[in-house]
Structures are given as structure tokens and as C-alpha cells.
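*Asks:* The structure follows.
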Amino acid sequence: MTTTLYMVVEQFKNGNPVPVYRRFRERGRLAPEGVRYVDSWVEATLGRCYQLMETGDRALLDQWIAQWTDLVEFEVHPVISSAEAAAQVARADSDGEGRISHV
């Protein structure tokens, strides 16, 4: 199965991370089978978290998000690695068109 990486930007409601961390401590990540947590980073101000998640089914990611929408506002962006991006750009540059075709 082909999987996609997603950069999930979480804005803690009211800028308050405490309820989010409390739920995580008590109940875990709440991700369904088929959604893999890769890594995360939190702003130094603790107002926003950036999580890299992976799944082959975007609907499963939405199920995970639904477990947290009372505490978090979400942005979801499909991403690729820098190495993958460089390879795509190199192919586009070598084909004479100099353009990236988006799927």
C-alpha cells in the first residue's frame, strides 16, 4: 500500500496546551490502526504543534483528527521529503520544460 506523509499543524484552542497534554497522558494518541505517528515539534511558546503523520488512507487521518477537534484546530498538508522534492525538480529541469507537473 502506498502511504502519504502529512504535516499536521495543530493550533491549541485558546492557546492552551494543558487539556491536550492531559488527554494524551490519559488516553494516548487515539490514532486508529493504519495511522502512524512519525515525529512532532512544538513551538517554544507551546501554542502550536507540528506533527508528521503517515497513512495510506486520508479518511483514517480524519478519524484521528475527530478525536481532538474539541481542543485543537487543524491544518493538514501532504508533504514529501526534501530528497524527493530535489529529485522531482531535477527531473523537471532535465526534461527541457523546467516545470513541475502536479498530480
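What follows draws every value from the coordinates through simple rules; no lab data is involved. What you are looking at is a predicted structure, and each value in this text was computed from that prediction instead of being measured. For neighbour counting, all protein chains shown are included, and Cβ atoms are generated from backbone atoms with ideal geometry for every residue, glycine included.
*Asks:* So which residues in the stretch 49-82 are closer than 22 Å to Arg22 by Cα, touching a residue at least 40 places away in the same chain (Cβ under 8 Å) and polar (S, T, N, Q)?
*Replies:* Gln51
*Asks:* Further question: If Glu26 satisfies every condition in (1) within 27 Å of Met1 (Cα to Cα); (2) loosely packed, with under 15 Cβ neighbours inside 10 Å but one, which is the exception?
*Replies:* (1)
*Asks:* Looking at the stretch 1-48 only, could you name the residues that are aliphatic (A, V, I, L, M), over 13 Å from Val72 (Cβ atoms) and free of Cβ contacts under 8 Å to residues at least 12 places away in the same chain?
*Replies:* Ala44
*Asks:* Out of Leu46, Leu71, report the one residue that is surrounded by 12 or more Cβ atoms within 10 Å (Cβ to Cβ), in contact with a Lys or Arg (Cβ under 7 Å, 6 or more places away or on another chain) and farther than 26 Å from Thr2 by Cα.
*Replies:* Result of the check over Leu46, Leu71: Leu71.
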